[in-house]
Structures are given as C-alpha cells and as structure tokens.
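Notes follow once the structure below has been shown.
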Amino acid sequence: MAAAPTSLTLRMYNVGFGDCFLLTFHYPKSERHMLVDFGSAAAPRYGTKDYMRRVAQDIARQAQGKLHIVVATHRHRDHISGFATDGEGTGKIIAGCNPDHVILPWTEDPGAAPDARAAAHSSYTGGKPDARQMTARFLASLEDMHRFAEAAVRLADLPDFGGGETRRQIRFLGEDNLKNLSAVENLMNMGKRGTAHYVNAGMALNGLVPGVKITVLGPPTLQQSESIRTQRVSDPQEFWQFCNLWTSRRPVARAATNGRKRAAPPPNVLWFIEQTRRINAEQTLEMVRELDTVLNNTSVILLLEAGKRKLLFPGDAQIENWAFALHNPKWRALLADVDLYKVGHHGSRNATPKSLWNLFRHKGPDGQGDRLQSLCSTRSGKHGSTRTGTEVPRHLLIEELRRESAFASTEDLKSGLAQTVELEL
C-alpha cells in the first residue's frame, strides 16, 4: 500500500435530524473506510421508509463489508441510534463490517467508573477534589441526567403538562438524551479486542488509517478543563439527583389519585393552577436543554490531515468544549487551514463559535479556488424555536455558510440516500 491516500470520497447520508458520514480513502490498490456517527432523532423529509436500514446496508455495500474505523462522537440518539442492535437492528449490520477500531469519548470508558455513585475517596472532607473524585462525580451526574431525561419524557406525555409546543420540545430533547444502552454496548464490543479508543483532547491516533494524521481536539478531561461542567449548582451529582427525584415522583403522585373523584378547585384558583403548570413545564424544558448541552460538550472533535487537506469533524461540540482547543495556539494554526468542515450540532447557533469561524482562512465567495467546503446534516423544525432565535439549523449561520463556503445540506437532498463529495488529496 502507498504511504498515503490519493483521494477521498465522503458520503453525507440523509438521516434527517442526525449525523452519518462515511469517508473512503483511496489508495492506488486499496481503500480504507471510516464511519463517523450513525444516528437519527427524526426522519428525513423524503424517502423515509426504512431509511436507517437502507443507510446501514449502503454503508456495508460501499465499504465492501469492511469498516476500518467507527467513530461515535457522543451518546446522543441522533448520533448513535443506528448502532443499536434492538429495534431495526441496524447495529448488527455495522458490527458485521468488523471495524478494526472504535473511537469514543473518554466519558464512555468502562474503566472510568461510569456508574460511580460517590467520590473515589470516601474520606474526602473538604478542599479541592482530586482528578478521580472530579471524574466520578461528573460521570455520576451523566447517569442522573439520563434518568432525568426519561422522567421528562413521561411528564411530556401528560396532557395538562404545559402547552403542546413545550411538550413537543421536552419529548424530542428528552428522547435524544436517553442513554441508548443497546447502541453504546454494541459500540464498545464491535471492534477487535483492545481496539476501543476512549479519547480526550490532545491524543493522536496516527496510524489507524495509513498516511492520515488524526488529532483529537476534544473533549477535554476535567483535569484539562472544567468548562465542560456547565451544569452545576454546588455539586453536579446532587443537582441532577434532585432533578431526577422531582420528575420521577410527580407522575406517581398523579397516578395515586386515579379512581377517586377530586373536588374541583375554586374558580379564582384555576388561573394560578394553569400558570403553575406552565411554569413547571417551561422549567423542565430548560433543564432538558441544559443536560442536552452537557452531553454535546462530551463530543469527540477530530481533525484529520490527509495529503494537503484538513478535515474537521466536531460532532455536536459547543463552546464549552471548543474553549480548550481554541486556547491552544498550535491547534488554532491547524484549524485556520481547514478545507472541509462538518457543521457542528446540525447548524445550531452555539456549535460554530465565531472565534472558530473567523479562523478559517479558506472562507470566501463562490469561485474562490481553495474555497472551504461545509457539510450540514440536519432537519429544520425539530429543535429550538425561531421565536427565541434558537432554531436548528440557525438561519443566520446557514446564510453565512452559503455565502462564505461551498455549502451542502441534507435538507437540499430530495432523492437518494447520500450526498457525495470527492476530494483530491
């Protein structure tokens, strides 16, 4: 095999609100295939019948039955649901491609005590906790978040819990934040023994694809940066336990009244009850949004260097995750030279920081020879609100991407499974 690939075929699959990218590196006499994410939280607008199974089958066909690398940037359903072995069982098709390497964020490492319920040192009484304590508490808070998400989905199914739009948002975000256990377990087990890589900022994965340099820019560990711990009061573990306790008890309390006639409240109290329910639902939605941000900030950020090209795949990383990389002068210099950018978090306003966008020196108008290529896998109308300026994709960002880069979106794909980009390396 030649020392480096000569060209790249990149397929952006239309999975609706989700991500799925297949990179095929071409060598003179062979190919290497790398899958970055495979998940969906909402079907595409066109060709929705069995779309995940058809995508999985096409991945296997394009890769000729052999994947060399599988990347799962983070645990959200819209990035890993396709790896599940239950339901449609598309994860069995991917596992059948026998990937040599699986790349996951450090927060998925089973050796990092993901089910920890207390600090690593029970004798701790005060002062700054050490790295093991910080990790145990953070991972425990992630577990609590999943329980909270499950409870929030149950609340959204109650007919009198807030308005219809609020319930829809809670249900969409809550389901995306469920643990997706089948997919996670399949990912951990599908690679060859000992080839699951639980990565953090600063790691190099060179050699996994011949002639391709892979630098991990995120997520940082808690030792590197505590900025990814954005959701906390005084202790993240206790905060999320409280949220979980509150949401899990409310439906039970309501169920206890079934079968018994309750006296109607006085007319002058009805307004107060409705306002309380509305506020309760809106606060629940805000907490679901916050935990959504936490998981986005565990996203793997990969910078691939192949030949003269630099490709950036940041998952759903938001500013708290990006902050660590953007403060590194060496990495800023690398990012400035990016040729292809996978748009973060389906085009949300806070996943493409202006400090990152301003670095890209290949931005420019149509006709520029070395123009930046940007790819956005998304579906509008599912996440956020235009009223509050939180819609995904954010129209102001999309306008900028269309103006300053060679932009492609799955929303523009009216037929076919994928949009294909060919690059000479």
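None of the figures in this text is laboratory data; all of them are computed from the coordinates on show. The model shown is predicted, which means the values in this text are computed figures rather than measured ones. All Cβ positions, even for glycine, are placed from backbone atoms using ideal geometry, and neighbour counts span all protein chains on display.
Using only Cα positions of segment 1-91, each an equal point scatterer, no hydration layer, compute I(q)/I(0) via Debye at q = 0.21 Å⁻¹ and quote the log10 values to two decimals. Debye output, listed in q order: -0.98. The shape of segment 275-366 comes out prolate: with a ≥ b ≥ c from the C-alpha gyration tensor, a/c is at least 1.5 and a/b beats b/c. Taken one residue at a time, the phi angles of segment 182-187 give Karplus couplings (6.51, -1.76, 1.60, θ = phi - 60°) of 4, 5, 4, 5, 5, 4 Hz. Gly and Pro are set to x.
In this structure the amide hydrogen of Phe38, modeled in the peptide plane, comes within under 5 Å of the amide hydrogens of Ile80, Gly82, none closer than 5 places in sequence on its chain. Seen through its C-alpha gyration tensor, with square-root eigenvalues sorted a ≥ b ≥ c, segment 332-425 comes out oblate because a/c lies at 1.5 or above while a/b is not bigger than b/c. Per-residue Karplus couplings for segment 167-175, computed as 6.51 cos²θ - 1.76 cosθ + 1.60 with θ equal to phi - 60°, are listed in order as 5, 4, 5, 4, 5, 4, 5, x, 5 Hz, Gly and Pro entered as x.
Projecting the Cα atoms of His146, Phe172, Pro210 onto the charge dipole of segment 136-213 (Cβ charges, centred on the Cα centre) puts Pro210 farthest toward the positive pole. Highest-first packing order for the peptide set 356-363, 308-315 is 308-315, 356-363, based on the mean count of other beta carbon atoms within 10 Å. With θ taken as phi - 60° and the Karplus curve 6.51 cos²θ - 1.76 cosθ + 1.60 applied, the whole-hertz 3J(HN,Hα) list for segment 94-107 is 5, 4, x, 7, 6, x, 6, 9, 10, 10, 9, x, 4, 5 Hz, x standing for glycine and proline. Cross-linked pairs Lys363/Lys414; Lys49/Lys342; Lys354/Lys382; Lys92/Lys213; Lys179/Lys342; Lys49/Lys92: Cα-Cα separations exceed 21 Å for Lys363/Lys414; Lys49/Lys342; Lys354/Lys382; Lys92/Lys213; Lys179/Lys342.
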